[in-house]
Each structure stands twice: as C-alpha cells, then as structure tokens.
1. When the expected Rg is taken as 2.2 N^0.38 Å, what fraction or multiple of it is the alpha-carbon Rg of the protein assembly as shown?
2. Would you work out which of B:517, B:487, B:270 lies farthest towards the positive end of the dipole of chain B? Charges go on Cβ: Lys and Arg +1, Asp and Glu -1.
3. Restricting things to alpha carbons, tell me how big segment B:495-551 is in terms of Rg and Dmax, in Å.
4. Determine the percent antiparallel among the DSSP beta bridges restricted to chain B, to the nearest 5.
5. Counting Lys +1, Arg +1, Asp -1, Glu -1, what net charge surrounds residue B:571 among other residues with beta carbon under 12 Å of its beta carbon?
6. Based only on the alpha carbon positions, what is the Kirkwood hydrodynamic radius of chain A, in angstrom?
7. At q = 0.05, 0.09 Å⁻¹, what base-10 log of I(q)/I(0) does the Debye formula yield for chain B when every alpha carbon is treated as an equal point scatterer in vacuo?
8. Okay, helix-only estimate at 222 nm for chain B: each DSSP H run of n ≥ 4 adds -39500 (n - 2.57), divide by all residues, round to 500 deg cm²/dmol; what do you get?
Amino acid sequence: MNWIAIGDISDIPLRGARCVKTPIGKIAVFRTAENEVFAIEDHCPHKGGPLSQGIVHGTAVTCPLHSWVISLETGKALGADEGAVRTIPVRNDNGALYIALENLALAAAE
Amino acid sequence: MAERTPEKLVIIGNGMAPGRMLEELFEKAPGRYDVTIFNAEPRVNYDRIMLSPVLSGEKDYEQIIIHGDGWYIKHGITLYKGHKIIAIDRNAKTVTSDHGVTESYDKLVIATGSVPFIIPVPGKDLRGVITYRDLDDVQAMLLAAQSREKAVVIGGGLLGLEAAAGLQARGMDVTVLHVMPTLMERQLDPAAGYLLQKAVEARGIKVITKANTKRVVGEEKVEGIELDDGRIIPATLVVMAVGIRPNVGLAKEAGLAINRGIVVDAGMQTSDGHIMALGECAEVGGMVYGLVAPLYEMARVAASHLAGERSAAFVHSDTPTKLKVTGINLYSVGDFADGDGREEIVLRDATAGIYKRLVLKDNRIIGTVLYGDTADGAWFNDLLKHGTEISEMRDTLIFGQAYQGGSPLDPTAAVAALPDDAEICGCNGVCKGKIVSTITGKGLTSLDEVRAHTKASASCGSCTGLVEQLMSLTLGDNYNPAAVQPMCSCTELGHDDVRRLIKAKGLKTIPAVMQELEWKTSCGCAKCRPALNYYLVCDWPDEYADDYQSRFINERVHANIQKDGTYSVVPRMWGGVTNSKELRAIADVVDKFNVPLVKVTGGQRIDLLGIEKEDLPAVWADLGKAGFVSGQAYAKGLRTVKTCVGSEWCRFGTQDSTGLGIRIEKFMWGSWTPAKVKMAVSGCPRNCAEATCKDVGVICVDSGFEIHFAGAAGLDIKGTEVLGLVKTEDEALEHIVALTQMYREQARYLERIYKWAKRIGLDEIRRQIMDDAEKRKGYYDRFVFSQKFAQVDPWSERVSGKDKHEFRPMATVEFNQAAE
C-alpha cells in the first residue's frame, strides 16, 4: 500500500468530516463520536452531493442534498435507497492519518 | 320548554366540584339558571389534581385548565375572579364580596373547599413557610426552587410526597418530615410504606419519620425546622402539607348547621332550603371528602336537584388512592387493617420491588394495597365493589386478572373480560360500558375525543392505558394507539414529550437528553440531532453550548448549499432597503469572485449564487467592510422582513411600514426558530408587501397596526389569521416578539407557524398574546434575554477565524504523490 499522509485526527471535529482534494476527486474523511476514522468518495451515489458536508451519526453520514444515509464502513446507501460510493483505506497511527490511493491512481492513470 | 325567567344561581367557589356540577346542570336543564360565580382565586376552573405535574414541570398551567374563559362566556356565566365572599345575608338572600359586589340569589351553592392545616408552632408565619393547595402555592414553590437550596416538606402523605418530588425535580435539596412511623399510613400498610420510603429516598429525597416539629427557626425568613429531639433541619422553604380542613367560616357566620364540614343531606341541601353545599367543605353522612371521585359524585347529585330531580342521593363508596409521582406506582383502596375474621394474601418480589396485599373477609375482598405493579388495581376494586365471592380463584387471585381461567390473557383480553359496569376512570366515575357506547355512538377515534366526551382519563390520567385498550378493543384496527409520531427511529417519544421533558428534567446537553430519555442509538441521527440542538438553544439560551456538528450544513457554514456543492450568499438588507455604497460593494464582490449569478429574492434581498466554499470567508470579509451582516437566508430562524414604502412615500400609506419593518428586523435578527420565519409589513390594506401570506405580517391602518400570523405561500397556500389590532409601533413590536417566542417555545422542529397555530388553536394564541398581558410580557422578556446570546453576526465571527477547518480542505494530494 502506498500510504499518503493527510494530517492528524485532531484536524477533524468529532462527529465531523474534512475533505481531501486529490487528482481524481474529493475524498471525505470522517471521524465518528467513538473516534473511528473512515474515508469515502465525497460524492453521493444519488446526485453527487458532498458527503463531507453531511451530519455524521453512528458510522453513517446523511447527505446534505437529499438526506440519503450512507454507511461509512461499506460505502453503501442504507435504508430503502440503493447505491454505493467507493471506500478508501485509512491508516491511523496514533492520530497520524494516511490514506491509500492506489486504486484511484490507477484509475486516473488509465 | 315553556319560557320562564331564569332563576338566579349564585356559587361561592370555582373549584372542580362546582365546575362539574355546572356541566351536569347545563346538560340537564339548559337555560334554567342565570349563573354567577365568585372565585377567591383570580382565575378560571383548573384541575387541582394536576398541580403536582405543574410543580414538577411535566405540565404547565394552560394544560390543566378545565374551563377556559370561553366556556364561561358561552354559558353566560358571570365570573368574579379574585372576589372573596365575606357575608351571606340569608334573609335578603344576597351575598357580598370583599370588593363590595352584592348579588341576590334564588339558589346559593357554597363550594368553598378546604383550607390547609397549619401546625400551630412558633415561627409558622415566617416568610418562606407555605402550604400546598392552589396555583399560587405552586408558583411560590417554583420561585423558591430557583435558589436550588434546601426545602423541608412537613407531611408524608399524598400531597406532601408529591410536593417533595416536584421540588426535587426542580433542583432543590428536599427533606420530608413525617410524624408517623411510615409514609402515607392512611392509605398504605407499613410494608408498602417502607417500599415507598425506599423509592422516595432513591430519588435523593431525605425522609425522617416519627418527626415532631417543635418550631420553625428563623428571624424574618425561615432558616430551618427544629424537631422535638433538638435536631435542626436547615431550609429556606418549608411546605406544610399535613392535611386539610373544610372551609366552613362563611357558612358558620351565616348560621348554617356545621359539624366538621357544612352539614348537608344526601341531596346536598344545607339546613337552609335555599342553600346547598358541595365539595371539600361539605359533610354528608358524617363524612368529609378530599378525593375527586366523591366530590364529582356530589356534583352530580347537586346538579340533579337543581334541575328538579329530587330523587338523586349521594352514596358513599371507597375511592382508590394513587400517587402522582412519575416512576412510583401505588394503589390502595378499602380497609386493609388486620382484624378478627380477616385473612390476607400477600405477594412480594423484592428484586422487582413489588408488594401486593389483599385483605379478605368472608371470601370477599375488602381492601387492597398494591405497590410496584398496579395494573390489576381496577380489577381488584371491581371485585371489592361488587362483593364478588372469590373462593374459586383464591389460589391465583393475587397474580391478577390475567391468571384467572387457565392461560394468561394479554392485557387487551383482560380489559375485554371486564363487565360493562367496571369502573375505568376512578376520578370521574366512568365505567367501561359508558366509554364503549360513547366511542361507538359518537364515532370517536382519538384519546382526546374520548376524554372530551366521557371525561375518562381527563383528570389524573392514570387510567389512560386502560382507556386506550378499550379503544383498540372497540375500534380494532381503526385505532392507532401510537398516534404520537416519534421524533425519529432513535426514540419512541414525540417532539412534544421531548420538549416537555427537556424542561422538566433540566436536560442541558444532547448526550444528557439521549441518556435520560433512553435514546435507542448512541448518537442520534440527522433528524433528531438538529431538533434537539434547537430545543436546547431555545430552552437554555445562556447555558447551552450550541452543538455545531448537529446543525445542517447551511447553518454550519452560514450559506445555502446548492446542487453542485457551491453556496449562495445573501447579505442582510434591513427591511429590503439598500443604498449605493452597499450595491457597489456587492458589485465588487461579484467581479472579484466571478460570481456566476446575481438574483433578487422574493424576500427583497440580493442573492449571490455559485460561490465556492473556500471563498466564503473572503466574500464575507469584503461584504462586512461595507457594513453587511449575514442575511441568515439559510437559517431556521428569522429570515426577512419585507416592507413597502409606506407613509414616507406612498400616497396611500397610513404608517411608516418601512421603518417598522426595519425596526422589527433589527430587534429580531439572529433568533433561531423551529422553522424559518418570514415577515412583512404593508403600509395600507392594499398590502404591497404581501403581508397576508407570511408567518407574521402587519397591515398598517389609520387606527394602528393589524397583526397577522399563520400564513403560508409554499407547499401550502394559506392567508393569514388576524391576531389583533394594536395602536402603536411599540405595541406591535411587543406582540410580534411575544408571538414568536410562544412559537419558539412550543412548536416542533421544522413546524412552520401556520401548522403550529392550527395544532394549538388560534383562540388560544390570541388569548395568550392579546388578552393576557402578563403572559405576553413573559414571552417578550424571554425572547429579549435569548437575543443577548443570539445576536452575533456569524459572518464576522468566521472572518475572524472561527471554524477555520470548515472552509479549507484537510489536505491536497498532488498527482505525483498519488501515483508514486
């Protein structure tokens, strides 16, 4: 894995998210109430809403545009909606956060 | 009915008993009497049983009113509020009040109730020593509770314990002093009294039994209680709840026959043929009563006699006792003393905190004490009243109705098995048959309707579960008991319950709400969190720290998110008025940030669309330099006050509508509300500002300002309702602010004013805002207080660096990094 440093866990508010700009689009990095960190594409499968701007609850986020609820663990829409976003591997070394972008880089290089 | 001049009926006292008597009388003999009531209390008839929930904060005064002012008007009753009768002249057949009003009567009803018993000890008159009898007492206790200091309640009976629980819920450190060895000894046996004491102590209330009060300590104000054994219990508030005495002073002076109470026959007639008495002041068959069921029975009898039915007679029956303290269930009825020829069946479950005892004589139940599980109270009482022979089911009797006849029944089946004359509502004496026939006869489908038509569950409410079971039994699938829509799937509670409990339990953070109200999820969801955040902001403006992560993105970044993830920015233009300097600043921002679209909104503002999130602080900085603050076009809060040019320019204008609009907006900006609030002020009835479809609107007229509210022009279209006409701008502002605060305190999150108003009732809102100056002032003051914390421009805060992280990416990954 090619781990890229993106900052410290304290940069993200509890029950909040920040976004990371990458060559192949924005990635939303979430920190839950329990201090878990997840990263998914910042692009709702419904109409492309910025998931990093949504309300974080449990291990899910509600999209700010039309209130789809997306699981941070699987990237899948919860409830009656169907769709998924890509999840991004995150490493948490005592608060230092890294994401792995191989798949995306490959996708971009194609 | 033949025309005849109405007879004059005068009633002294306006409590629950005469209120019920009049209801019955108006039904039996409408128009027969001209009714005049003298009420020493300055208010209408309210439910005294519910004073304890008011004290604990689970209800407020409005919710316990039995007869609103409208009822008195509808029935043509003259109600003298705050008039105490000081003399009855039986020869002239007149009564005279302390304010000098004299009324003559054909029939007089004395319903003066009771007076609390004051223990005759030194210091009893000190400031801070009060009783627990009416709403004034509750208000005095609430005032004292604000100090959060120590309180002593003397009396461990029903009333004393309810007072103690209420004061404790309000944050006081409470000690109950009780002269007997166990609590509520008149209603409970020692075993149940012990369990009750444990439960009361578990809530943090101290209990001292066998406590004889020697004196009240203090110079001017109460400082504590000294007991016989020398102990001193410090207190800044002392509540005496040791009992009541029939209030017979007036009747005695008038020369009526008096014993403990005013002596009446089974028809409620006193020793004077023109005078009746009922309620707690009356003594019938040698007994005086303090619980509501027999008082309502007196009311029924008195009404019958007034209507000319001479045969009605009061019959004594045992009344079950229940304690209205949330979380403590107890029930007792009948005679439960030990004695010859008596047997008992006892069930104890220490872990579950359950104690049940049945006292039997000749194989019939004569008394019941239930603690912890009171579900079978009604059934045991039914067996007691009917003197049912129980030997057949003796072995399983104590387990309750569900265990009779083989396999356990579910609760609905248990209710189904009750006979038609089984009493469901003890307070109002309503039996099963009456409820069922009223539901079917009148086509009732909601609990409120059943309460309105039958009175069942309309007093203390402890039979609500039974009534609901009857409804589902009668209506089948047509009754949906979960008519209260939960806030979201994280809780069973509806918005109203959550709002009420936040206040009642003093919950001041979102985690506290979720813990205390047993949320089913660990940190809520996108539906409940913004709602809870609003309720807490509204209820505790000075103490609550806004939870940023529980706000919708628009309220977090103070701009409106658009479909492509960019934002729109709307600066505030007070009353829709601008000038060249402001317009120039906007034009410069448009050029500097390449704003793709500039648009004029329906609320007379300019909207800049398509701004990148990262640019927001810089855009605000430039707008701020020109004097702009946030237009809050994104907020569940006050958005715009739209105006026309009014009397300053318009040849039809009657008042300075622009000036008033700006004044309202400058006063109210920044306030958070349950849903967005849009206002408008029109200078004349031509209504160019379209004020009659706004949440709140003003139509200026020559004689003043007509205030409108509850309009809508969105998903629904609805003209406004008139709140009322006021003469001055100052009054207009005060009324609008009070109305908005009432809405802020009562509405459900995301509920617009027109929906809230429909739910609460327009008349009720008018009554509180237009007619009740004290109420209005209270709302106004609370709004002003909350504005101290709300009127901070969010844009300039963020320009100075607040929430910086929100407007910057956490990191930017370059292509070479990603490809490595």
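No lab work stands behind these numbers, since they all come straight from the coordinates. Remember, predicted model here, so these are calculated numbers, not experimental data. FYI the Cβ positions are ideal-geometry reconstructions off the backbone, even for glycines, and counts take in every protein chain you see.
1. Details: Rg = 33.3 Å, N = 930, 2.2 N^0.38 = 29.5 Å.
The reported ratio for this selection is 1.13.
2. The residue sitting farthest along the positive end of the dipole is B:487.
3. When restricted to the Cα atoms of segment B:495-551, Rg and Dmax are 10.1, 29 Å.
4. Values: 72 of 116 bridges.
Percent antiparallel among DSSP bridges in chain B is about 60.
5. Local charge sum for residue B:571: -1.
6. Answer for chain A: a Kirkwood hydrodynamic radius of 13.8 Å.
7. Debye intensities relative to I(0), on a log10 scale: -0.36, -1.03.
8. Calculated at 222 nm, the ellipticity per residue is -9000 deg cm²/dmol.
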